[in-house]
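Trainee: There's a structure below that I have some questions on.
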Amino acid sequence: MTKTLSWIQWGLVALMVLSCFGLMLNASLKESATMDELAHIPSGYGYARYLDYRLNPEHPPLVKALSALPLLFQNLNFPTDKSSWRTDVNGQWVAGAQFLYESGNDADKIVGWARLGPMLLTLLLVIFIYIWARELIGRWWALLPTFLFSFSPAVLAHGHYVTTDIGAALGIFLAIYYFVKFLFSPSRKHLIWAGLAFGIAQLIKFSAVLLIPFFIFLIIIFLIWKINLEWRKILLHFLKCAGQLISIFIIGYALVYAVYFLFTFNYPVEKQVSDTKTILTSFADGPAPSNKICDLNHNKLRCLADINIIMSENRLTRPLAEYMLGVLMVMQRSSGGNTAYFLGEVSASGWWYYFPMVFILKEPIPSMILIGLAFLLGLWSIIKNLKPKTYKLKTFSDYIGTHFAEFSMISFVIFYWLYSIKSPLNIGIRHILPTMPFIYILTASALKKWTIRKMINDERLWKRIAKTIFNLIKTSFKGVVIAVLIIWYLTEVLFATPHYLSYFNQFGGGVESGYKYVVDSNYDWGQDLKRLKIFVEKNLSNNDKIAIDYFGGGNSKYYLGENKVEYWQSSKGNPKEEGINWIAISINNLQGAIGKLHQGQLRNPEDEYRWLKALKDPYKPDAKAGTSIFIYHL
């Protein structure tokens, strides 16, 4: 019987995995390259095919290289003879355009095959969510977080793009899973797995550097709990845990070094040094005065840049120099922010409430109800347990001993969200995807405790029977509520198919109107260019042209034809004056042009599409290509 139930449970997991893959594949085949894919796909091909890291150093290589593996078996032309590869510094965007659209390759075929790598990582994460949840809350309840993640619109959207976001979620999940497992079951095998998982996370996204302070925090909490149990061995425990943590970091960065060593093998040393110097020219207010190296009085961050340059000159240390370069580039970009449209306003300084609001607008309402209910239940449980003042420390110690994995998840969600809220780099819900598996598992755990029946110990038979019946009815009602929310959740996803990137819940206006609140990778990342091609073929005559102001990784002339497209922008005025009766504008560009400016933000009047606003309401286009490209007949 147990074997049969196990087969059923794994069969349901397999069904979720296959459904998740089918939905992602269906969306992928209908979409053009997104903005970041234009850089990530050629970069990965450069790593895997030429073992050369000159493109896209601001992101680690693992996802990009994995995406490039299927491309190695195709006869592709890569622009190694162009300046974007030979002489330009990080010429990723030009190299991407040349590789996909200007070298005689089939762009759709390249993008389609490259996206299989991220999809594989997404499915692997689905399986690992079930594995860890099964260990924590049981086989049946583990299906709930697995289901919520498999059919999350954000996961289905970003899970099939060649970007680092879903990969980061997998890497961080594995790193925390194996680290917690090692703490409670210390062995050489678990130590190695914890180190390798940590290294994998570092090779996927630089934000995984946050695992270093987070692991230090976890091990301190673990030590406090252990010391509370065995206070006489305090020094021994401290030294042992510190050594084990250092070993995990060493194993992880040994893996990082090995991978970067491979992918910088054919990267000429002189070019790496030259590229590094150029990229870091403006880092931390520029070079130290008088060409001093590591002038701490000038700028401590600049000192890191100088060390990075020195490391790039040495063949032994240059793999780590390339890794360090990426970290410094991310630090620079994160502190600088990104000009974005949010809640009617355009700003480069960011909003502290960006991620909470985007989550409220984009997470399906049924899952938000489940998450909110779980949060309230958890909060109530904490309040109840903290009532007896004399037992606070013991209660916390008991909780850590029996729920350390749960505590680790809660801590990481809080830690990562605080970091994201503080950052001015507000470009999409994708940046908080690493917290979603933990949120769903914690939600399922709280709901399980809520629905479980309590044992009735009353001595009187009639009272036991009455309370048992009452608890059964109450539990059944709770189960029905959860089932209804699950059905609602699945319905939401299916109705949004295949426009997962543009998904917004009813609070956010739905798929069609989410752009009113926020755009960029939350709504418009250039995914609808192939749909614009279909519109043009159906609605424009052979002699008609269309003006296009496009945001994304596609190429308008590649899809629509050289003679069909006129690249456009607001400052060029009304294209009708040049005999063009149609204009298509990506909503991301449009919102950046007409959104209200934040105090201190500047924009040229000629870039505000004032001529279009004089003709018609920009938010009422004559047609749309997909959800993100607005089309106007002039």
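Trainee: Once the piece of chain linking residue 74 and residue 480 is laid out straight, how much longer is it, given 0.36 nm per residue of separation minus the C-alpha distance between them?
Mentor: Residue separation times 0.36 nm, minus the Cα-Cα distance, leaves 141.0 nm.
Trainee: In Å and whole numbers, how far do the C-alpha atoms of the stretch 59-120 stretch along each principal axis, longest first?
Mentor: Principal extents (largest minus smallest coordinate, Cα): 34, 27, 16 Å.
Trainee: Would you calculate a helix-derived [θ] at 222 nm for the chain, using -39,500 (n - 2.57) for each DSSP H run of n ≥ 4 and dividing by the full residue count, to the nearest 500?
Mentor: Dividing the helical sum by the residues of the chain leaves -19500 deg cm²/dmol.
Trainee: Over the stretch 489-630, calculate the relative contact order: mean separation of alpha carbon pairs under 8 Å at least 6 apart, over the residue count, as a percent.
Mentor: Across the stretch 489-630, relative contact order equals 27 percent.
Trainee: A further question follows. In terms of modelled amide H atoms, which long-range or inter-chain residues lie less than 5 Å from the amide H of residue 583?
Mentor: 547, 632, 634
Trainee: Protein chains only, probe 1.4 Å: how do 477, 630 rank by accessible area, largest first?
Mentor: Most to least solvent-accessible, the answer reads 477, 630.
Trainee: Ignoring any ligand, DNA or RNA, what whole percent of the accessible area of the chain comes from carbon and sulfur when the probe is 1.4 angstrom?
Mentor: Its accessible area is 64 percent carbon and sulfur atoms.
Trainee: Ranked from highest to lowest mean number of other Cβ atoms within 10 Å per residue, what is the order of the peptides 594-603, 502-511?
Mentor: Result, highest mean first: 502-511, 594-603.
Trainee: How big is the Cα convex hull of the stretch 1-97 in projection, averaged over all directions, in nm²?
Mentor: For the stretch 1-97, averaging the hull's shadow over all directions gives 8.6 nm².
Trainee: Evaluate E = 1/(1 + (r/R0)^6) for residue 81 and residue 51, where r is the Cβ-Cβ distance and R0 equals 30 Å; express this FRET efficiency to the nearest 0.05.
Mentor: Between residue 81 and residue 51 the formula returns 0.95.
Trainee: How much accessible surface does residue 4 have with a 1.4 Å probe, in Å² rounded to 10?
Mentor: That residue has around 80 Å² of solvent-accessible surface.
Trainee: Heavy-atom accessible area of residue 127 with all protein chains present, probe 1.4 Å, nearest 10 Å²?
Mentor: Looks like 60 Å² after rounding.
Trainee: Okay, next question. With θ taken as phi - 60° and the coefficients 6.51, -1.76 and 1.60, list the Karplus ³J(HN,Hα) couplings across the stretch 375-381 in order, rounded to whole Hz; mark glycine and proline as x.
Mentor: With coefficients 6.51, -1.76 and 1.60, one gets 5, 5, 5, x, 5, 5, 4 Hz.
Trainee: May I pose another question? Between the stretch 109-150 and the stretch 402-454, what is the separation of their alpha carbon centroids in Å?
Mentor: Cα centroid to Cα centroid, the span is 16 Å.
Trainee: While we're here: Order these peptides, 166-173, 361-368, 609-616, by their mean beta-carbon neighbour count within 10 angstrom, highest first.
Mentor: Top of the packing list down: 166-173, 361-368, 609-616.
Trainee: Does the stretch 552-634 classify as rounded, prolate or oblate by the C-alpha gyration tensor (a ≥ b ≥ c root eigenvalues; a/c under 1.5 gives rounded; else a/b over b/c gives prolate, otherwise oblate)?
Mentor: It comes out prolate by the Cα gyration axes.
Trainee: Residue 277 versus residue 487, label points 7 Å from Cα toward the beta carbon: distance in nm?
Mentor: Rounded to a tenth, the inter-label distance reads 6.9 nm.
Trainee: Measure of size requested: the Rg and Dmax of the stretch 528-591, with Cα atoms as the atom set and Å as the unit; please supply both.
Mentor: For the stretch 528-591, the Cα-based Rg and Dmax read 11.1, 31 Å.
Trainee: Classify the stretch 74-159: rounded, prolate or oblate, from the alpha-carbon gyration tensor (a ≥ b ≥ c, eigenvalue square roots; a/c under 1.5 rounded; otherwise prolate if a/b is larger than b/c)?
Mentor: prolate
Trainee: Would you list 488, 351 from the most to the least accessible area, probe 1.4 Å?
Mentor: 488, 351
Trainee: To the nearest 10 degrees, how steep is helix 529-539 against the longest Cα principal axis of the chain, on a 0 to 90 scale?
Mentor: 50
Trainee: Next question, about the same structure. May I ask you to derive the FRET efficiency for residue 14 and residue 619 from their Cβ-Cβ distance with R0 = 56 Å, giving the value to the nearest 0.05?
Mentor: Once the sixth-power term is evaluated, E becomes 0.80.
Trainee: Something else now. For the chain, what does the relative contact order come out to in percent, with C-alpha contacts under 8 Å and a separation of six or more?
Mentor: Rounded, it is 16 percent for the chain.
Trainee: Accessible area per residue of the chain at 1.4 Å probe, in Å²?
Mentor: Heavy-atom accessible area per residue stands at 45 Å².
Trainee: As a test question: what accessible area, to the nearest 10 Å², does residue 333 have when a 1.4 Å probe is rolled over all protein chains in place?
Mentor: 110
Trainee: Report the semi-axes of the equivalent ellipsoid for the chain in whole Å, largest first, where each axis is √(5λ) for an eigenvalue λ of the Cα gyration tensor.
Mentor: One finds semi-axes of 44, 34, 23 Å for the chain.
Trainee: Relative contact order of the stretch 1-80, please, whole-number percent, based on alpha carbon pairs below 8 angstrom and at least 6 residues apart.
Mentor: The value is 23 percent.
Trainee: How charged is the neighbourhood of residue 125? Take every other residue with its Cβ under 15 Å from the Cβ of residue 125, and add Lys/Arg as +1 and Asp/Glu as -1.
Mentor: Its environment carries a net charge of +2.
The values are calculated or read from the model by the stated rules, or taken from the named source; none is laboratory data. As the structure is a prediction and not an experimental result, all values here were calculated from the model. Quick reminder, even Gly has a Cβ in these numbers, built from the backbone with ideal geometry, and neighbours come from all protein chains shown. Accessible surface areas use protein heavy atoms only, side chains included; no ligands, DNA or RNA. Shrake-Rupley method; radii C 1.70, N 1.55, O 1.52, S 1.80 Å.
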